[in-house]
Every structure is written in C-alpha cells, then in structure tokens.
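One structure below.
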C-alpha cells in the first residue's frame, strides 16, 4: 500500500513538472551565424518599484543582463565582426506594463530625445534591439530603436512619495540578424537591471540604475521527470 502511494505521488510530480515551461528565463537559441538565432523571454520579467528599487521614479530605456556577454568585442557598433554591436531584433514590439496601476492609454507613456527635441508617443517605435557585449559589463536589451524611455514608471500613490508598483516586461520571442561571429547562447541566470542611462565605459560612468531583479534558470521538465522516474525505480526495487 505504501509503495502504491509513493508511485502515485511521484507520478503527480512528473505530471506537474511536465506542465512547466521547458526553459524559464532568457534564452538565445538556434544559430546566429547562419541567421536562425532566436532571442526569447519565456516568462514575464517583473521589477518591484518599492523602497528596494534604486531609482523607482526614473524612466528606463534598457535592460542589462549582468556578466552575460559574448567574447567578440565590446564596441558601440561592430557590423563586421558581429560582436558588441547593437542589433535590431525582428518580431513584435515589447509588451511593457505596470501593475497594479496600469499605464494610462490617454497619456504619452514613452518619450525619446531631450529638450526641445523630445518626441512623445503612446507606443514603441520598433521591436527591441540587442547588444551582446556592452563594454564587457553585460548584454543589453534596448526597448526600441529610438531609445524611448518609459515615463512615470513608478506611480506616486501620494503616501510619503512611496512607490509600490511593478514594472513588467512581457514574454516574447524575436528573430536575431545573421552575425558572422557570435558565441553567446543558452540561458541567462543572474541579476538584470533597468537603466535610464548607460555609461560608455567599464566604470559605468553616467549609468542610472532604476531597479534590479534576479532571473534564475529552471531545470528542464525532461530532466526532472527522469529524476523522478529514477527515484520510482529505486523505490520499486527496495519494496520487492
């Protein structure tokens, strides 16, 4: 009887594991060198804009994945080597949202430029761009091709200027351009930070961090299922 209960428990574990996303997080798959590379956000990335955020009211335009870089170059633009450049991804525009206070569709939620040249809009101008090596500090996902900043990111609820909102970057998948040299693949695991500005040197001069979250890789369901089956097999031998 005990063994039957154990089998049912492990079977439930296998079923629940197989219902998980196959790879939770940030993934670069395919082969970028032949034009089949894919950049994927498998689950929404959530940033808490509370007292723990560095600058919860700042207006970010990019997301850095710390210490996740390819080895070819660290330049502002490198169209020849395919390393460290800022490249346009192909697909839908990023789904950016705020909870529990949603962005007001009647207002311009994005802005680019500065001073008299500011351009306001209620939508992003393009799909995101990606830089595989930003001055050896990490890789960067830019929200759009015009450095659009998210306005009124942290909603002021009028209580001691405390911000208690969440900023969400929605899941999605984008095709990457063909780049002759590229070696950044697999799944990212580590800290990711929203930035209002990014300094152009290793010391991060001029960079304004907004909020940071941790992204942790999750084992594939096939791996966990095999592990559960192995336990079931060992238990079966013991009960014989």
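Throughout, read-outs are computed from the coordinates displayed, never taken from laboratory work. Quick caveat, the model's predicted, so the values are computed rather than measured. Neighbour counts are summed over all protein chains in view; Cβ atoms, including those assigned to glycine, are modelled from backbone coordinates with ideal geometry.
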Exercise for review: Note down the nm distance, to one decimal, between modelled labels 7 Å out along Cα→Cβ at residue 136 and at residue 178.
Suggested key: 3.2 nm
Check your understanding: Cα centroid distance between the stretch 114-135 and the stretch 30-45, in Å?
Key -> 21 Å
